[in-house]
Structure formats: structure tokens, C-alpha cells
């Protein structure tokens, strides 16, 4: 189920009178990294003990423990909106997750549970509510996902990224809503473009187009870059996060720099970019906005998604921070025309950067952490 604290740790916690805050969320990095951003601010605010309840399968444990936070794994089942034979077995996993989470919460006795969403978060939120532990939850996307809709009934406080998202909630929940923006790691607010240039090995005056898919890359974006690279490198040094695939065939050149994945250096590389070509997952667009980067967005769309990335892309495009190429509009010709237009128009880039910075100006992680502290 998880790791037990040793006696010395228990004694230290007793002597310090340390308050305990539980976190939950997972399934993807997008449900983990924003929560870690909030945890980082809580650590700055005082001597809080923090632990995380996540899936006992997948990436959750590795990411959380790498951040120096205790992790307890529970069984988890996917929440589907469609008929599938796996729904039957997943019901039992969700039930097992509830009882596992309840046992952890009873033993560890947190004063509050903060949920960052994802299907794994529903059993811990339900378990916390059954024990009388206050639940705070955050929704990253423009429209609430199924996990948030379920967690809302357990939540004392519901944080939202966008003001317009309030309209998706029933009136009885309105007094629990707080618009906070999306939490971003503190490193993005102190990013240094000079460190980004140094990591990339390019001059400080180099024009950089940063291409981001996701942690596993994005086939659609990778193929578009492959089809348009000669045109893109007319204006930029293209820095491309391709994902871990060993099949990538474009070699590194002076004007093209492929990388499997960016880790701690990502904030600095992003700060060095003049323009970002990326998906429109909530984490990515808000990290770009935190640094005031103009964006060309190619959201994941179609039957493989509920449409959250399309909604995020439209919000940022409407604000003037991005140009969105959605669905069949994301062609090589359209991409070249869009990036050429932005690259050749300094005033357009300036206005996009200002709009982006305006969206990202609120330090959401600090705001949420402060709200949690005030509730303890």
C-alpha cells in the first residue's frame, strides 16, 4: 500500500507539532506537476509534512518521490464515459482504491487533502470526505473533467483556472469556487534565458523556435516539423523536444536541435525562446504564459480526447496570446504561413507576448498555498 514512517520520523513530527497536508492526483504529469508547485510553496511557508496518494502503477511514484515527497500508492481504475468491458474490473479497482486511501488517511491524519485531479484522485477525495477531512481541489482546463465533477461533491474549496469556467458549475457550488489560474513550478518564475542559451549551445541573440509535444512527444507535431523544417529554419534555430522515440531520423544541425526530453532545464530553455510551437495542455500553455511567450498551438483533437486542449487553445487565441491550428487546419502549409507571419512581424510578437504575460501574471501556486495555509 505504501511506505510506513519510521519511529524517528514520527517522534520528530510530534515534537515539532507539524501540520500534515495530503495531496492526490495523477495518471499524467499534468495532474502531478501543478500539485508539486503548490507543495513547493507550502514548504517555503512553514514546516508542513506533505505526502501524496497516487496510483500504484505508472509514473506517479517516480515523479513525486523525485520531488522529495512521501508517496503512498493505491489501486486505481479509469473513469470512462463510454461502454467498455474494462469498466467492470475498474469499478473494483476504484472501490479498492477508496478503502486503501481511507486506511492511509486514517493512519497519517492529515488536516487537509488537496486534489489536482485525474482518475486516481476520486477515491482519496471520497475517503477524505468520509473521515471529515476538508477537501480542496483544482481544475486546470476550461471545462471541468469527469474527476473534477465527481470530486466537487466532496470539496470545500474548488480552484479554477478560468473565470468563464464558473458557468459549468451548479449554483449550489458557486460559493466554493475561487478563480486562481493554473499552478506553475516556481522555477518558471525565476527562469534565466542566458542559462537556456548556454544549455542549447547557441548565441544569446539567436532566434529560437521551441517545439514541445508532451512527455512522450507528439506524432502530429513531429511530422509537421519534419515536413516544414527547411522553411522554419529560415527564421529560427529550431529546438525540438521529440520524445523518447528511437525512430526519429532528423539529425542535429546548427539550425536544428532535437532533444528527447527537457528536465530541470526546461524553464530556462523556454525563457530563451522567441516563439513556442506546442500542444495546448493546461500545464504547457500556462508555463509559456508565466514567461510571456507567444505560442502557435496545435491541440490534441478528435475522438482520442474530450476536447479540453481545443478549449484551452481557443481561450489563449481569443486573448491574443496564441495562434491555434485545430484539427484539419494543422497542415504543413498553414504552419509555415503562421510561423512566417509571426517571425516577420515584431509588433505582432510583442502584442502576443504581452497578452501571454497578462494571462500568466498571477502566481497561482502561491495563491492556492496561501489559501490552504489560511484554512488550517
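Laboratory data are not the source of any read-out in this text; all were calculated from the coordinates shown. Because the structure is a prediction, the values reported are computed rather than measured. No Cβ is skipped: glycine too gets one built from the backbone with ideal geometry, and neighbour counts run over all protein chains shown.
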Packing-based order for 196-206, 272-282, using average beta carbon neighbours within 10 Å, highest first: 272-282, 196-206
Two-decimal log10 I(q)/I(0) for the range 269-340, as the Debye equation yields it once each C-alpha is a single scatterer, q = 0.12, 0.20, 0.28 Å⁻¹: -0.29, -0.79, -1.34
Distribution of pairwise C-alpha distances over the range 144-240, 5 Å bins, in %: 2, 9, 14, 12, 11, 12, 11, 11, 9, 6, 2, 0
For the range 187-359: Kirkwood Rh in Å [reciprocal of mean 1/r, alpha carbons]: 15.8
Estimated 222 nm signal from helices in the chain, with DSSP H stretches of n ≥ 4 weighted -39500 (n - 2.57), rounded to 500: -12500 deg cm²/dmol
Contact order relative to length of the range 122-252, as percent, for alpha carbon pairs under 8 angstrom and 6 or more apart: 16
Sorted peptide list for 98-110, 179-191, 345-357, criterion being average Cβ within 10 angstrom, highest first: 179-191, 98-110, 345-357
At R0 = 30 Å, FRET efficiency that the Cβ-Cβ distance of residue 167 and residue 347 yields, to 0.05: 0.30
All Cα pairs of the range 116-185, percent lying beyond 18 Å: 31
Relative contact order %, the chain, counting alpha carbon pairs below 8 Å whose residues are six or more apart: 14
Relative contact order for the range 153-223, counting Cα pairs under 8 Å that sit 6 or more residues apart, in percent: 23
Shape box of the chain [Cα atoms, principal axes, largest first, Å]: 60, 47, 42
Ranked by how many other beta carbons lie within 10 Å on average, peptides 288-294, 159-165 from highest: 288-294, 159-165
Pairwise FRET efficiency - residue 178 versus residue 44, Cβ, R0 = 22 Å, nearest 0.05: 0.60
Pair residue 250, residue 340: separation of 7 Å Cα→Cβ label points (nm): 1.7
Packing-based exposure ordering (other Cβ within 10 Å, fewest first) of 252, 156: 252, 156
